[in-house]
Amino acid sequence: MDKISQGEVRVFKAGTEVTHLGFELIATDSTSDQDRRFYIHTIDTGGWAEKQHIKPGHDVIEINGRKAGEISNEEFKAIWNRRPLEFKTFSKESTMQTTEWPYLLIYVVKEGVLLFFSQEKSECEEVVREVALRFGEGPPVPEDRAQGDPGALAAASRVKFVDRPVGLAPPACTRTITALIVSDLRRRFAVKCEAEDQPDCTNCCVFCLRAMMAMQLAVRGYDLRTVCDGRSDLGPKAGETVCSAWETLWRSVRP
């Protein structure tokens, strides 16, 4: 383990017993002023890389004694699958404390954008229910009343959650989300607006659609309808309604 240029270099050796390295490697295109870059995108849970404490975002700077940025695609494919394999990674030093949060809820409310980090998906769902009670139609419900009031509890129970994979976000998704939040904070919050006012308005549903468009994640109305059709607590009627509303937004909303 070496220290160079305010960063840490580590050397890893994968022997013939390592059939799968357990991480996804992304290569950028070279430019006129710099070589292509290889960086670790994702780590497989329980895999070889995780056991070696390899982290996403680390650069692979050297492979079998050669500078990684100078290796062509054809050479890389041949070298990477051979064993034994030796490679070096580089990670920049940081004085910030790193904390891993598997879930991030981004929710647009009247006061701005709510960011909620959590270790459990259920905690994110609970925040959505609380927001629905406090910022939905009608007067806000105080927390002490929401916990015991049958009407408030019934309103919270009407908030439904479904799990639907929509694809993988691009490597630069943090910058994309940051730019999206900055632009959305300039917009006016509106539950309803005219089509010509749409570029200047936002709400939680519109922000969600803008985020997926910005990250090139495809969700259309028929995807939502399919989910509803498979849920006894939602059903075809809800599916048709959500499908129609989503497609209307899809045609008018832009990032």
Residues of region 41-55 that turn out to be surrounded by 14 or more Cβ atoms within 10 Å (Cβ to Cβ), assigned to a loop (DSSP other than H, G, I, E, B) and not β-branched (Val, Ile, Thr), as a count:
3
Please state which of the following conditions Ala238 fails to meet, knowing it meets all the rest: (1) surrounded by fewer than 14 Cβ atoms within 10 Å (Cβ to Cβ); (2) under 25 Å from Cys193 (Cβ atoms); (3) over 25 Å from the mean Cα position of the chain (by Cα).
(1)
With Arg129, Arg134 as the choices, which residue is charged (D, E, K, R) and modelled with pLDDT under 75?
Arg134
How many residues are more than 21 Å from the chain's Cα centre (by Cα), among the polar types (S, T, N, Q) and outside any helix (DSSP H, G or I) if we restrict to region 200-235?
1
Can you confirm whether Glu100 is at pLDDT below 85, assigned to a loop (DSSP other than H, G, I, E, B) and not hydroxyl-bearing (Ser, Thr, Tyr)?
yes
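Residue-by-condition table, conditions (1) part of a loop (DSSP other than H, G, I, E, B); (2) closer than 30 Å to Gly230 by Cβ; (3) at pLDDT 70 or above:
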residue: Leu114; (1), (2), (3): no, yes, yes
residue: Gln147; (1), (2), (3): no, no, no
residue: Val159; (1), (2), (3): yes, yes, yes
residue: Asp197; (1), (2), (3): no, no, yes
Which pairs have Cβ atoms under 8 Å, sit 6 or more apart or on different chains, and link a residue in region 95-117 that is under 16 Å from Cys173 (Cβ atoms) and assigned by TED's automatic domain parsing to the domain that holds Glu8 to one that is aromatic (Phe, Trp, Tyr) and at pLDDT below 80?
none
Mind listing whichever residues of region 61-79 are more than 13 Å from Thr28 (Cα to Cα) and of a type in the set (Asp, Glu)?
Glu62, Glu74, Glu75
Got a sec? Which of Gln34, Gln52 is at pLDDT 85 or above and of a type in the set (S, T, N, Q)?
Gln52
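The values are calculated or read from the model by the stated rules, or taken from the named source; none is laboratory data. From a predicted model like this one, the values you see are computed outputs, not experimental measurements. Here Cβ is always computed from backbone atoms with ideal geometry, including for glycine, and neighbour counts include all displayed protein chains.
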